Amino acid sequence: MGNSIALTELTMLKYQRMDVCAAIQRRSAWRPPYALTTALELLSVEMPRIPHRHRRITQSVMVAVPHANAKRHVEGLAAAVWPFPIDTIIVDGQFVCTSAPCTWAMFSSYLGLEELVVLADSMMRRDKRLRRTTTDDLTLYLDNAYRRVQESKATGAGTRLFRGYNNCRRALLLARSGTDSSMETRTRLVPPRYGLDMPQVNYPIFAGRSAKPLYLDLAYPEFKICIEYEGSHHAGQWLNDVRRRQTIEDAQWKYIQVTKLDLGHEDDEEAFARRIAEKMHEVTGKAIQLTPRKTIRQICDARTVKRAPLYERLNFTPLLPANPMIR
């Protein structure tokens, strides 16, 4: 669904943070790159859910330094030590901050695996105005960090990879580009917890009288099942949402609506997964059994990632081809 409100809010937060950073720069000549939460605000990237125990990084203007001796005491700044490549970009010609891949890697020390996936998705939005990186760039940053550690070890140094490195590698297996919101990502991660395939992101269909594609939030095109996340911002566009749903259903898609009430608690998420399984049963005529709830790490297991898609296991002929742009 549209994300113009998200863009507006993120832009507002960006300029608020720029004002704070500008005030600090007027009274200090120290210029380490802004990092972590501050970098996300300057880059207009949606913030992940940060555990309370790490609230320090949400309450301070964060910067990155290569080692502890590089820290300086500047009122209003808090420094995070990052002895790996500190890739940077310049925002609005005056604010140097860590790049999206570097920021994402730094966050791996503070976030669990699911939120690391959410953050990666948030950096790869469908809206080009909010797209900050690609899967290839995230992978390249990890490769460079790994190579640096190996080169250091070859000289006899005891350098180690950062604590969240392995979780970054796992997160890349689940991250998807072209998303619209963090809640859509959290919705997408529910079905595979119960043994269902991962739905596709922003699947385009041609429906109604428009020559332009309509993008479904999440979809199983092989079964013509779509999942639409309805956030609170949709309350003011009820008529448009009704028209959108009617268009999708007129195109013979099974429609599943999801809100925040369907997420966050195991019972609610299992009920949501069961709704998907029931729609699949309607389409295929075959019972779909859910599995016991899996962790996000279990979803990243190679056996899960590489297994045959559900329609093959059901011996079901897909209703739509894999290429979403084929009418």
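The values are calculated or read from the model by the stated rules, or taken from the named source; none is laboratory data. Here the structure is a predicted model, which is why all the values come from computation and not from measurement. Cβ coordinates were reconstructed from backbone atoms using ideal geometry, including for glycine residues, and neighbour counts include every protein chain displayed. Keep in mind that these areas ignore ligands, DNA and RNA; they rest on the heavy atoms of the full protein, side chains included. Shrake-Rupley method; radii C 1.70, N 1.55, O 1.52, S 1.80 Å.
Miscellaneous remarks
- Think of it as helices only: each DSSP H run of n ≥ 4 in the chain is worth -39500 (n - 2.57), and spread over all residues that comes to -12000 deg cm²/dmol at 222 nm.
- Amide H to amide H distances under 5 Å link ALA80 with VAL63, ALA64, VAL65, where only residues 5 or more positions off or on other chains count and H is placed in the peptide plane.
- Other-chain or far-sequence residues with amide H under 5 Å of ILE225's (modelled H): TYR220, LYS254
- Probing with 1.4 Å while keeping every protein chain in the model, the per residue accessible area of the range 182-314 equals 51 Å².
- Measuring between alpha carbons in the structure, the pairs from LYS14/LYS306; LYS224/LYS306; LYS14/LYS212; LYS71/LYS153; LYS14/LYS294 lying more than 29 angstrom apart are LYS14/LYS306; LYS14/LYS212; LYS14/LYS294.
- Using θ = phi - 60° and Karplus 6.51 cos²θ - 1.76 cosθ + 1.60, couplings along the range 251-260 (whole Hz; Gly, Pro as x): 7, 6, 9, 6, 10, 10, 9, 10, 10, 4
- Accessible surface of the chain, 1.4 Å probe, proportion on carbon and sulfur as whole %: 49
- Here the Karplus relation 6.51 cos²θ - 1.76 cosθ + 1.60, evaluated at θ = phi - 60°, turns the backbone of the range 44-51 into coupling constants of 6, 9, 4, 6, x, 7, 9, x Hz, with x for every Gly and Pro.
- R0 of 22 Å, Cβ-Cβ distance SER210-GLN257: FRET efficiency to nearest 0.05: 0.55
- Taking 15 Å as the cut-off, the amide N atoms of the range 25-42 that come nearer than this to a point 7 Å along the Cα-to-beta-carbon line of ALA70 belong to 30-36.
- Each residue of the range 66-83 was assigned a 3J(HN,Hα) from its phi angle through the Karplus curve 6.51 cos²θ - 1.76 cosθ + 1.60 (θ = phi - 60°); the sequence is x, 7, 4, 5, 7, 5, 10, 8, 10, 4, x, 10, 10, 9, 10, 7, 9, x Hz, with glycine and proline shown as x.
- Semi-axes of the equivalent ellipsoid of the range 156-209 are 34, 14, 9 Å, computed as sqrt(5λ) over the eigenvalues of the C-alpha gyration tensor in descending order.
- Entry comment: accessible area of the range 1-155 is 48 Å² per residue, from protein heavy atoms only and a probe of 1.4 Å.
- Per residue, the convex hull spanned by the Cα atoms of the range 7-174 amounts to 121 cubic angstrom.
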